[in-house]
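Chemist: One structure, pasted below without further comment.
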Amino acid sequence: ILEVPSHKFFLGVQFHPEFNSRPGFPEDAFKTFVTVASQN
């Protein structure tokens, strides 16, 4: 787990989530990133 208190949102992964994503079925890491980004 990595926390960066000085940032509102920080996402770090030790895998390639793009390999798990398919059209219409994005990896949860991407869904979370887009959701948070769209709110800011």
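Only the coordinates and a few stated rules stand behind these numbers; no lab work does. Bear in mind the structure is a predicted one, so any value in this text is a computation, not a measurement. Don't worry about glycine lacking a Cβ; one is built from the backbone with ideal geometry, like all the others, and counts go over all protein chains shown.
Chemist: Filter region 1-21 for residues that are among the charged types (D, E, K, R) and surrounded by 10 or more Cβ atoms within 10 Å (Cβ to Cβ) and give the result. Full working, then the answer.
Modeler: From region 1-21, those among the charged types (D, E, K, R) are 3, 8, 18; that's our starting set.
Once the filter is applied, which keeps residues that are among the charged types (D, E, K, R) and surrounded by 10 or more Cβ atoms within 10 Å (Cβ to Cβ), region 1-21 yields only E18.
Chemist: Out of the residues in region 22-33 that are of a type in the set (A, V, I, L, M, F, W, C) and surrounded by 11 or more Cβ atoms within 10 Å (Cβ to Cβ), state the one that is nearest to F9 (Cα to Cα). Show your work before the answer.
Modeler: First, pick out the residues of region 22-33 that are of a type in the set (A, V, I, L, M, F, W, C): 25, 29-30, 33.
Remaining after also requiring surrounded by 11 or more Cβ atoms within 10 Å (Cβ to Cβ): 29-30, 33.
Details: A29: 12, F30: 13, F33: 9 Å.
Top of the filtered list is F33.
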